[in-house]
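Worksheet for the structure shown next.
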Amino acid sequence: MHAARRRFARDGYSATTVRDIAADAGVNVALISRYFVSKEGLFEACLARVGEELRRPDTEPATIENIITTMISQIADSPNGEQALQLLLLLRSSGDEAADLIRQNTLASFAERMALATGCSTSAAPADHLLRAQLAIAAVMGVVLMRTSTGLEPLSSATAEDLHTPMTELLSALLKH
């Protein structure tokens, strides 16, 4: 899975082959086919993992503070670390309709959860809250993309501690009304 996430995030779905992933992981192509059936199945499994990571704090109350903490932890690991790769998968279209639907649903579900954490009392978040949540996700994705692809300093080497205050201020400004 790690080799697949890395390859899909770095090269995109279309440019990635199962042979590339197998070579990166040091396994036989047949092993990947046995567990995931196809490249599409492997991509979907990678996206499902991203969704699980974003929803991980479901055991805690969905507060803005908890969500901000989760988002910062997702971007604060090394620029080419596992968390960053998982988030980058959400930016990559697969070219496969079912996999893209999973990607869109993962993003929509997390945005809805964020919007509801802003204090909405209805079961469906109002459009303004949802837009703010989607902008917060876009900001986080932008930070991840900049950290992984540009080498821009000090952003690329910023630690979780370095990112905590400015990211909290940014995300709080977007999410708090």
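The values are calculated or read from the model by the stated rules, or taken from the named source; none is laboratory data. Computed from a prediction, not measured in an experiment: that's the story for all the values here. As a convention, Cβ positions derive from the backbone with ideal geometry for all residues, glycine included, and neighbour counts pool all protein chains shown. Only protein heavy atoms, including side chains, enter the accessible area calculation; ligands, DNA and RNA are left aside. Shrake-Rupley method; radii C 1.70, N 1.55, O 1.52, S 1.80 Å.
What the table shows:
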quantity: Computed label-point distance, nm, for sites Ala98 and Thr63 using a 7 Å Cα→Cβ extension; calculated: 4.1
quantity: Rounded to whole Hz, the Karplus (6.51, -1.76, 1.60) HN-Hα couplings of the stretch 154-168, x for glycine and proline; calculated: x, 4, 4, 9, 4, 8, 4, 5, 5, 7, 4, 5, x, 5, 4
quantity: Probe 1.4 Å, protein heavy atoms only - accessible area per residue of the stretch 102-177 in square angstrom; calculated: 53
quantity: Under 5 Å, built H, 5+ apart or other chain: amide partners of Asp96; calculated: none
quantity: C-alpha center-to-center spacing [the stretch 17-48, the stretch 134-177] in angstrom; calculated: 31
quantity: Per-residue ³J(HN,Hα) for the stretch 35-41, Karplus 6.51 cos²θ - 1.76 cosθ + 1.60, θ = phi - 60°, Hz, x for Gly and Pro; calculated: 8, 10, 6, 8, 4, 4, x
quantity: Protein accessible area in the stretch 105-177, 1.4 Å probe - carbon and sulfur %; calculated: 63
quantity: Two-site FRET efficiency, Leu152 against Leu91, from Cβ-Cβ distance with R₀ of 30 Å, rounded to 0.05; calculated: 0.95
quantity: Estimated vicinal HN-Hα couplings, Hz - the stretch 142-151 in sequence order (Karplus 6.51, -1.76, 1.60; Gly, Pro = x); calculated: x, 4, 4, 4, 5, 5, 8, 10, 10, x
quantity: Net charge of neighbours whose Cβ lies under 15 Å from the Cβ of Ala139, counting Lys and Arg as +1 and Asp and Glu as -1; calculated: +2
